[in-house]
Amino acid sequence: MRPLMLSGLVLVATIVFAGAAHAQVGLSTGPDYNMIDKAHRVDENGQRDFNLLRQRALAALQAKDYAGAELALSEALRLNGITPGTNFLMGLAKIGLEKWSEAQPYLEAATVDEPQRPEPKTRLAITYVKLDNPEAAKGQRNALAALDASCSKTCDDAQWISEGILLIDQALSSEQVAARISAAALAAVAPPPVDPAKGFEPEKYNLVTFSDTNDLYDLLTAPGRCLPNKTADERQPCALILYRPQDGSTDARAANFKPVFKVVNRNTIWAIHDKKLQKVRIEDLFFDEVDVIGKQRAKYISIAVIGNAENKANCAKGIVCLAQLVSQDMFNMYTNMPPSVVEVIWGAGMKDPGTVRVR
């Protein structure tokens, strides 16, 4: 189960995004994803709608579509205005649009929502400066100084606090410096970092998890995945199956994807298996094995699935999708398939000349 063209499995850890670095003093920040995920209880439909709007807003902010983020967050706040993080996101959207007076109440609410977070205080202070209210900005600077004193330069937010204080001091130093502070930089939102040591959670990327492999056929043939006896788009799998070590390891470095190109019937699937593109029995997709240098042969078990069309639709809607996990779309990693392989799958119907090796 090595990378593509060896076994057809894509190693997650080799392509996950690293966390965003502190690239610019006081500006390299984003929403508190951990806090945002701790949403207050609402009815099931309302929670689903709220989550969709929140993810759409995050995607819009990351794309610098501040008007789109503003629209999505307006509706999210209407559904559930007390969710931590939402007011801060709206403040960022308003900043991106340079609607400083409209950003102010949301950022003020954000400092109440999350009093220990330095980022809302920094954004609010700069907003006050932009609105010619330096005394109020100094108040937020003092609040950051109090966080700094309690932090003693050792807490997780130490750098955010120090950078925030420095940025506010620079903004207060002169009107010229304040004018040069970029609204887009203040509103920048980085993708959530992926920490391989903490594992890859498929649900966060809208993969459908399962524990009973007898469900695999029905899951693979659900809308947006591999319609029965219908070939995937050329040089693209119709679905990916996620595998993890059978010992239960959740380390992201042990997560692997296997591509499926066609589901013929309940018994027969076209996939890359045992280093070859071939027809396999569906039960052969329940488990996989890999030789690890210096270690015993490890067995992997399939635990989740997502379709190509399904993933594209999620990305288009702003829902978290695999494009936010990896630096290359895993559904588009097979563009170098040789013509002989393409002819087997996408030629005059599915041929069956035995097995065709993917080189």
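None of the figures in this text is laboratory data; all of them are computed from the coordinates on show. All values derive from a computational prediction rather than experimental measurement. Here Cβ is always computed from backbone atoms with ideal geometry, including for glycine, and neighbour counts include all displayed protein chains.
For the residues VAL177, VAL280, what sequence is obtained by ranking on other C-beta atoms within 10 Å, fewest first?
If I rank by nearby Cβ atoms, fewest first, I get VAL177, VAL280.
Give me the one-decimal nm value for the distance between modelled label points at VAL264 and GLU201, 7 Å along each residue's Cα-to-Cβ direction.
4.0 nm
Quick one: GLU98, GLU203, fewest Cβ neighbours within 10 Å first, how do they rank? Write down the numbers at each step before the final one.
Working: GLU98 14, GLU203 10.
Result, fewest neighbours first: GLU203, GLU98.
Gain in length, VAL112 to LYS99, computed as 0.36 nm per residue apart minus the alpha-carbon separation, to one decimal in nm? Let's see the in-between values first.
Values: separation 13, 0.36 × 13 = 4.68 nm, distance 2.07 nm.
The span from VAL112 to LYS99 would gain 2.6 nm if fully extended.
Among LYS279/LYS312; LYS94/LYS121; LYS64/LYS312; LYS262/LYS317; LYS230/LYS262; LYS64/LYS138, which pairs are too far apart, with a Cα-Cα distance over 18 Å? The partial results should precede the final answer.
Working: LYS279/LYS312 26 Å; LYS94/LYS121 15 Å; LYS64/LYS312 20 Å; LYS262/LYS317 26 Å; LYS230/LYS262 6 Å; LYS64/LYS138 29 Å.
Where the Cα-Cα span goes over 18 Å, the pairs concerned are LYS279/LYS312; LYS64/LYS312; LYS262/LYS317; LYS64/LYS138.
Which peptide among 89-97, 155-163, 69-77 comes first, and what is the full order, when sorted by highest mean count of other Cβ atoms within 10 Å?
Details: 89-97: 26.0, 155-163: 17.2, 69-77: 20.9.
Sorting 89-97, 155-163, 69-77 by mean packing, highest first, produces 89-97, 69-77, 155-163.
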